[in-house]
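Participant: Take this structure, written in structure tokens, and hold onto it; I'll ask about it next.
Each value in this text was obtained by applying a stated rule to the coordinates, not by laboratory testing. Note that the structure is predicted; figures quoted are calculated from it, not measured. In this analysis, Cβ positions are derived from the backbone assuming ideal geometry, glycine residues included, and neighbour counts consider all displayed protein chains.
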Amino acid sequence: MDLTIFDHTDGLLTTEQSTLAKKLLNYAADYLHLAPDVQMSLTFVRNPEIKELNKRYRGVDRATDVISFAAEDDSDESQIIMPAELKAELPENLGDLFICIDKVPEQAKFLGHSPERELGFLCVHGFLHLNGYDHEQAADEKKMFTLQREILDSYGLER
């Protein structure tokens, strides 16, 4: 997977956290049998930046832990129309994932697991959203959360 990582954390993001995110997201892409050239970005941010994104795009005026922006949302009317042959040659862009580094230790403590497990959860949760999974309906939630747990457990980030 072609993963681009951006650090907007003012030095809070560690090399270990960045490496974990990269390895886990590549593992998740393999787990879902995605094409090797699939693309996405991951940006680590602080509370003020994710609060602004949450307010602007979701209408919620508070910091959150993870936000996903899928590149090829079926409801997006602004998609570029191109010949099928050209589209087949281009790598798929999943979209952009934003994780709030401030929330990782806070939520890990509250939930009683390691910060590594929490970071892994946020990565996989957002990644699954980029791949079309959601948890709006009970059946969809069960499917997404089961897959999330399977990926994290098989990677070695059990609860």
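Participant: How long are the semi-axes of the equivalent ellipsoid of segment 18-69, defined as square roots of 5 times the Cα gyration tensor eigenvalues? Whole Å, largest first. It would help to have the intermediate numbers written out before the result.
Facilitator: Values: eigenvalues 146, 30, 13 Å².
They are 27, 12, 8 Å, listed from largest to smallest.
Participant: What angle, in degrees between 0 and 90 and rounded to the nearest 10, separates the Cα long axis of helix 15-31 from the longest principal axis of the Cα atoms of the chain?
Facilitator: Helix 15-31 sits at roughly 40 degrees to that axis.
Participant: Another question about this same structure. In Å, what Kirkwood hydrodynamic radius results for segment 2-155 from the alpha-carbon pair distances? Display every interim value, and only then the final one.
Facilitator: Values: mean 1/r = 0.0611 Å⁻¹.
After inverting the mean inverse Cα-Cα distance, the result is 16.4 Å.
Participant: Among 105-111, 19-25, how do they line up from the highest to the lowest mean number of other beta-carbon atoms within 10 Å? The partial results should precede the final answer.
Facilitator: Working: 105-111: 13.7, 19-25: 18.0.
In decreasing order of mean packing, 105-111, 19-25 become 19-25, 105-111.
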